[in-house]
Structures are given as C-alpha cells and as structure tokens.
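Everything on this sheet refers to the single structure shown next.
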Amino acid sequence: MPHSSFFLQGTRGNLGHFELVFPRPTGGGVCLLTRNNDSPGFPWGPPHLLFGSAEDIISARALENRATAKLEVVGIQNGRLFHTSGSDASDGRWFQPKFFAKTVDVEGHPAFIQGLYGINGNFEVVAPLRGGGLGHWWRDNDTDFEWRGPNPFGEGSYEAVSMIQSNFGPAPGNFEIVARRGNSLDFYFFDGQWVGPLEIASGVSGAPCLMQGFTGVTGNFELAAPMEGGGLGYWFRDNDDPSLPWIGPVRFGEADYSAAGLLVSNLGGFSNMEVAAFTGEEIHHFFRDEAGAWQGPTIIHHLPPLDPAMHGRTSIVAGDAGHVGIHAVLLRSGKVLLFGYADTNDVDPKASLFDPAALTFKAVHPHHVFFCAGHCSLADGRIFLAAGHHERRMLSYFDPESEAWSHPKQNGQEMLMEVDRWYPTCTTLPDGRVMIFSGNAAFATKVENNFQYFTADPPSLSPMVPVPLPLSAAFAPPNPNPGMALYPFVYVLPGGKVLVYSHRAAKLYDLATDSWEPGEMEINSSLSRSYVGAGTSVLLPLRPPDYAARVLVTGGGGVPLSEIDTLSPAREDAEILDLSVDTPAWRFTSSMSFPRVLADSVLLPDGKVLVLGGSASGRSDAGTSPVLEMEIFDPETETWSIVNRKLLPHMYHSTAVLLPDATVLMTGKDGIFQFEPYQYPERRIEIFEPPYLFQGPRPVINSVQQVIGYGQEFAVETDDGFAIGSACLIRPGATTHSFNMDQRYVALEIREASADRVAVAAPPDSTIAPPGYYLLFILSHQGVPGVARFVRLHA
C-alpha cells in the first residue's frame, strides 16, 4: 500500500534498491542515499545531492511515482511546502523545487504519498500547521497537475505526520495517518472526511512512520517511532480485527533518534521489516529477522566527518556577496576580488571585495562586463585582466591599494586588443610581461590560435605569435573551426620555457629564443581535459635545489568533445608530466576517488593539492551531478585521500583560492547557465580548513622584510624557530573556469634556525618565481602552517 517516508524500496535493479532521502544538516538541500540490493553485501553508496539551494529545509519525504518510476520529494522550507522530482529514471537530473501556490505556514515533518484516486494516482500531502492542527493538500495528476488545499483538520500542536492509503473503507480506500503531538501519537483516518484523533501511543519523540504490511488476511498496520530516552519503538494493529488495540511498543536500538523510516522489503524469502533512523550524526539501519527480533544497528552513513584532524572542517561563513563569484583573485591586501554579473542579467557587471578577516563585502562594480576574462597579478601587485564576455577586446587593471578599476592607455585612449579574446589565459612571465593565450569572439566561432605579450610600463601589446596546431586535438564540434582550447593551462617553467597544455597535448615555448620547440607531448588518455569538458591542472611544487617541474592534469569529460553533453560522464583518472627528465612524457598516476568535470584545484602550504567540487557528469555550463566530497593529492606519494565534504554545489562558474590563514575560500555557481535544480545564484562563501590546522600549534611570523631579492638569504623572525620544518612562497590565486592562472608553489631552503628566527634562501631567479607578491608560509615539523605574510619578489 502507498505509504509516506524518507525511506522506500524503489524499482531500480532486479530486487529494487533502497532509497533514503534526507535534508542535509548544514549547507541546505536534500541528499539521496541508495543501497544496491543486487550486489553482494547490499552496499550503501555515498550520498548524492539532489538539490541544494536552502539552508533551512526542515524535512523531506519521498515516494516513487508509479507512473514514471522516478522519485518525487516534498519538503518544508521557510514554513512553506515545496515539491520536486527527478527528470526521469535514468539521467540523474532533478528539477528546481517549486513551492505550493497557496502560502500557509507549516512546520515539522510532512507526509507524502501517491494515492489511488484518479487514473494516474493523485499526490497527497498532510503537514502540521504552524497555528495548530493539520492540513491536507493534493495534486490532480490527471489534468492540471496543480496543488490544491489545504483542507485543515484536527487540533493541537503537531510536529510530524506519516500517512498511508489503506484497503479499508469505500474504494479506493481510506487515508490513514499517525501524527505526533508532544510525546503522544494520534491516529486519524479519512473516508470522505477526517475522523479522529485517537491516541494510540505515548512516550515517543521525533518523526514516526506508518505502513500497511502483509501479515494477516487484511494486512496489519505497522508503526515505528523514536522513543523518549533513546531507542526506537515498534507497534502493530491486527487489522483482521480492527477493534483490537495497538500492540507495542517493542523497543530496539539505543541512540537518541529524531526520525524513523519503515518499509517491508522483498528480501530474505519473507517480508522483512526494515527501519532507517537518524541520530544527530549518523543514519542507522535495522531489520527484523524471521524470529521477529530486530537486528542492528548498521551505520550506513556518517553525516559530518568525525575527525577534523583527518578530514578538515567546512563551514559557510558569509551569506551573500551580492553576486556570484565567477572569478576570484586574492589581492596583496589579503582581500579577495570577486566579480561576475547580476543574477539574471549578464550585461550588468558586478564585483565586490570580500574581507576574510571581517567577513564583510564592499561593492567595487566595474563599468565593463569582465566575466569570462583572463587575469593574473602584475609585478607591482595590480591585477591585470584581458577580455570578457561582452568586452572581448578590453584590457583592465584592478588596484588593491585604491580598490578601483582602470584601463591601460595609449595616447590618452583606452587600449584594446586587435582581436576578440573571450575565455583567454593570462600568465605572468619572468620579466614581468604577461602572455595572453587563446580566446574567441563568441562560443562556436573562431578560436585565436596565437598569443601576444602585454607590457604594463609603458602599456603595449606585441604582435600576435601563432601557436602551431594541432596540439593533437583541434577544437572539436560544436566549433567548426580547428584551434586550441579556450582557457588553456599555461605554466612558466624553471629555466625560462613556457608549457602550454590544450586538449590532449602540451607544447613548449622558449622565451629566450622566442620560438616553439618541435613536437608535442600527448597525454595517454584519448579524451580532452580542456574546456568544454574541463578537467583541472596545477604545476606541482617546485623544490630546491633542482626545482624539478611536474604538471598534474586530472578529471574532465568522459566522452569525445563532439559528443559531450549535459549527461556525459566525467572521469577520475589523472596524469603527470615530469619535465625534469631528458625525454618528458605523460604517465598515469593514481586516480581520484570521484569522477569530476568543472572541479577546482588549490595548492596548499604543505605542498599538497586540494581538488574540490565539480560534477560527476556534464560539461561547461551544464553540470548536473555535484560532487561534494573533496580530495587531497600528495605529490610525494602520488596518492589521494578523501577529506571533508563541501556544503554547497560547486559546478560551472565556481571558484576557489587559498587564503593567507591557510584556509581555502570556495564560492560561486551562477543561476543562468545551469540546469534544474541548480538554476539559482550561489552567493554564499564557504571556507575549508584543511586537516593540518587541527594537528598542532601554528607557528607565528613576528616580522619579515617586505621586499626580497632573488637568491637573497633573509630572516623570518619567529618565536618558533626550532619548531620550523619548512617554508614556502605561494603566489596568490587568480581562478576561474576550473583553472587558477597564477597560483605557484616555490619551496624555500632553510639555511639556519635559532630560537627566534630562521634564515631562508629566496629562489635564485625569476623563471622559478616570476616577480610580484607572494604568500610566505612557515610550517612546523608536523606540517602545520602559520598565517602567511605578503612579501614581494623583486629583481
């Protein structure tokens, strides 16, 4: 019989997978947890975020639509009922939640079933009303699919409801509900009008679950609910003689539960009863064996990670930047420049400065539309931008000191590039110039297969330098014109060469001779890792004495570019190119635990790489399955470890940068270029505190000189001198579209240590660390970083 719960047995697989829907305790949204009943051991998979736009979803209930075999969800947010569903049984996408038309304040746990009225079975919802009593809503699934109601009934303050449609009463059967009021359970039924209440149990807490099982001729009512003082209670009513009282409770379990879901499964050769129950931090599973004894609990999911020293900690620290941070740039002031456009108007530019220390925003809106630009830091700390969505030839500056925008000028006129460069990459060179690569006029038109130099003082642009094709993979359809990738991965290498990675291959450009080296270095994968099936990439840490360069590329689209679409699978494999050997060649390294497209990668002060966010399927502007788990790559062991989860979806137009306090800022995801249910602008700021911040005391820099010359030995004053195990310079991040164009990690040689200082050596030349501002970190022998100081490398 139809019943309401967050726990159900669906039709997927031969035996029907268990499906468990629950609101996330932090970050908002609703998750799905699935058990594969066709696999040995009945494994539970990781939670999958169905949608996540609200922080205060109180509850959610799910059912499987018998007409379409897809999940439907009803929940409560901000005192209002909403409904959403998956798009069909196979593609994994969900529609944007829609609120019921009539606004009535509700609270607690609703009940949701697909009843037997109508040809297609109407949806029925009962929920507690904030002013007391219960409300009944229904949706006509044969005609207009509009929600009607509520029909109020009952009295008293209810906190949770469960509902079934039974085989009692006139066809097609009564609605029957159990509702919790205080520590009591009340019973109602509907045979044309609501009748009740009848108190059937006491000493309960949390949300109950009612169903009609298969015991007896008529089918007994079965009921489970959390109990006061801990554990769960089980009751039944013998429906072959409805005059008999409810029998129970049979108590099982010990934890303090907030909600119970009950179902009768088809496993074990008999009608197993299965219960899923929520504690504060875990979801437990129980089942009743053939002897009638309850077995369990089995922990099927930990809600938050248990140990920050292993997993780190994630939190939402700021509620509204005023716009989406499609671009995020760390300034030498310690503030983060975020820019994009108004939520629903991509010709209305928006920008703000986020102060991580004060958790405040300041609007610094530009006069031009810069999103989808390229950017990097100049030697003097100003931010340089090239192109943008509607300003595809524009060049711009942002000054961290004046906190104002400006434009380079020639002869009193704003400089413009001679070609459109939408989606370019900007790279700061050892001599302070900037290389501007790629870009195009608009999507699916000619890609600029060239680069040019920008010089800031005085402002000038060089002639364009062609990039020899094919880079082993010309830009595939939907663009008919062959060319390099948009937002290619570009890195300055020690010694003065530049590596350019596009699609499936890398080439080297020699700055000393201003010429391309012959040949290409192809990855082993047959698939592109560049935009539009964007993977992510970093130049791994450069360490003295040889500063060997290695490049990591990971993830990306799992089908050819000509086939990639919203449902294309991502992939988890990764490759490394070691440029310190005589014949560099890509090789596979260990794979991520999760396939990702549209992810971000951030170099951490301990030399590891945080990879976060992205989608398990899709392409640029169309990720549909967000990956919440974050992973850390250790370049020394070439292994991955899973750390904490993100609280917010992080897909197209998301960003992440390292902050001076060694945490990672994560934000973004627009509402225009997404599919349901992610068509909302994500303006909140998340902070990830990596595990190293929970592994011991943090060293403190008391003072350090602000300008450092190449090859210079300089002192870092600290009371923790003998505790310092390593030091490094990290160039402030400038990230967009899954690539950080400016981050760079240079380890520093520690030459001497005393109680109150350490003497370290700056990198020997600007090919190892191009001129400009860097974060100086010192780390303890345990790998715990202190708060960084900004220093400027200057010839």
Going through V204, V178, V125 one at a time, which residue ends up being of a type in the set (A, V, I, L, M, F, W, C), farther than 19 Å from A60 by Cα and modelled with pLDDT of 90 or more?
V204
How many residues of the range 355-376 are touching a Leu at 6+ places or on another chain (Cβ under 6 Å) and open to solvent by 40 Å² or more (accessible area, probe 1.4 Å)? The answer is 1
Restricting to the range 15-30, what's the tally of residues that are at pLDDT 85 or above and not charged (D, E, K, R)?
7
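Yes/no matrix, rows are residues, columns are (1) open to solvent by 20 Å² or more (accessible area, probe 1.4 Å); (2) farther than 27 Å from G280 by Cβ; (3) under 44 Å from the mean Cα position of the chain (by Cα); (4) among the small types (G, A, S):
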site	(1), (2), (3), (4)
F145	yes, yes, yes, no
E155	yes, yes, yes, no
M163	no, no, yes, no
N167	yes, yes, no, no
P170	yes, yes, no, no
G182	yes, no, yes, yes
Q193	yes, yes, no, no
S205	yes, no, yes, yes
Log entry, pairs with first residue in the range 743-772 being among the basic types (K, R), second being assigned to a loop (DSSP other than H, G, I, E, B) and crowded, with 16+ Cβ neighbours inside 10 Å, beta carbons closer than 8 Å, six or more apart or on different chains, reads R744/A769; R744/P770; R757/T718
The one condition W94 fails out of (1) crowded, with 20+ Cβ neighbours inside 10 Å; (2) at pLDDT 90 or above is (2)
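Okay, residues lined up against (1) open to solvent by 10 Å² or more (accessible area, probe 1.4 Å); (2) within 33 Å of the chain's Cα centre (by Cα); (3) under 13 Å from D606 (Cα atoms):
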{"residue": "I750", "(1), (2), (3)": "yes, no, no"}
{"residue": "P763", "(1), (2), (3)": "no, no, no"}
{"residue": "Y774", "(1), (2), (3)": "no, yes, no"}
{"residue": "Q782", "(1), (2), (3)": "yes, yes, yes"}
{"residue": "P785", "(1), (2), (3)": "no, yes, yes"}
{"residue": "F790", "(1), (2), (3)": "yes, yes, no"}
{"residue": "H794", "(1), (2), (3)": "yes, no, no"}
Does the range 437-450 include one or more residues that are part of a loop (DSSP other than H, G, I, E, B), among the aromatic types (F, W, Y) and either closer than 26 Å to H367 by Cα or touching a residue at least 60 places away in the same chain (Cβ under 8 Å) (or both)?
yes
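Given the range 134-204, what strands (runs of 3 or more DSSP E) lie entirely inside it while holding 3 or more residues that are within 16 Å of G115 (Cα to Cα)?
By residue number, 134-139, 147-153, 160-165, 175-181.
Given the criteria among the hydroxyl-bearing types (S, T, Y), at pLDDT 85 or above, in a strand (DSSP E or B) and within 30 Å of G132 (Cα to Cα), does T34 qualify?
It is false that T34 is among the hydroxyl-bearing types (S, T, Y), at pLDDT 85 or above, in a strand (DSSP E or B) and within 30 Å of G132 (Cα to Cα).
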S352: surrounded by 15 or more Cβ atoms within 10 Å (Cβ to Cβ), under 25 Å from the mean Cα position of the chain (by Cα), over 17 Å from F790 (Cβ atoms) and among the polar types (S, T, N, Q), yes or no?
yes
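Under the condition of being part of a loop (DSSP other than H, G, I, E, B), charged (D, E, K, R) and in contact (Cβ under 8 Å) with a residue 60 or more places away in the chain, which residue from the range 683-742 is surrounded by the most Cβ atoms within 10 Å (Cβ to Cβ)?
R683
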Elements of type strands (runs of 3 or more DSSP E) contained in the range 246-359, each with 2 or more residues being under 29 Å from A111 (Cβ atoms) and among the β-branched types (V, I, T)
247-252, 294-302
Checking the condition open to solvent by 50 Å² or more (accessible area, probe 1.4 Å) and of a type in the set (K, R), which residue from R251, R237 passes?
R251
What's the number of the only condition in (1) over 21 Å from T639 (Cβ atoms); (2) of a type outside the set (V, I, T); (3) open to solvent by 20 Å² or more (accessible area, probe 1.4 Å) that F594 fails to meet?
(1)
Among the numbered conditions (1) buried (at least 24 other Cβ atoms within 10 Å of the Cβ); (2) within 30 Å of D343 (Cβ to Cβ); (3) at pLDDT 90 or above; (4) in contact with a strand residue (DSSP E or B) (Cβ under 6 Å, 6 or more places away or on another chain), tell me where Y652 comes up short.
(4)
If R393 satisfies every condition in (1) under 25 Å from A662 (Cβ atoms); (2) open to solvent by 60 Å² or more (accessible area, probe 1.4 Å); (3) not β-branched (V, I, T) but one, which is the exception?
(1)
Scan the range 308-338 for residues that are hydrophobic (A, V, I, L, M, F, W, C), open to solvent by less than 40 Å² (accessible area, probe 1.4 Å) and either over 19 Å from the mean Cα position of the chain (by Cα) or under 15 Å from P660 (Cβ atoms) (or both) and report the count.
7
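Give the residue, chosen from G206, G229, that is at positive phi and either among the basic types (K, R) or in contact with a Pro (Cβ under 7 Å, 6 or more places away or on another chain) (or both).
Within the list G206, G229, the selection yields G206.
The values are calculated or read from the model by the stated rules, or taken from the named source; none is laboratory data. Computed from a predicted structure; not experimentally measured. Here the Cβ is made from the backbone with ideal geometry for all residues, glycine too, and neighbour counts use every protein chain on show. Just the protein is used for accessible areas: all its heavy atoms, side chains included, with ligands, DNA and RNA removed. Shrake-Rupley method; radii C 1.70, N 1.55, O 1.52, S 1.80 Å.
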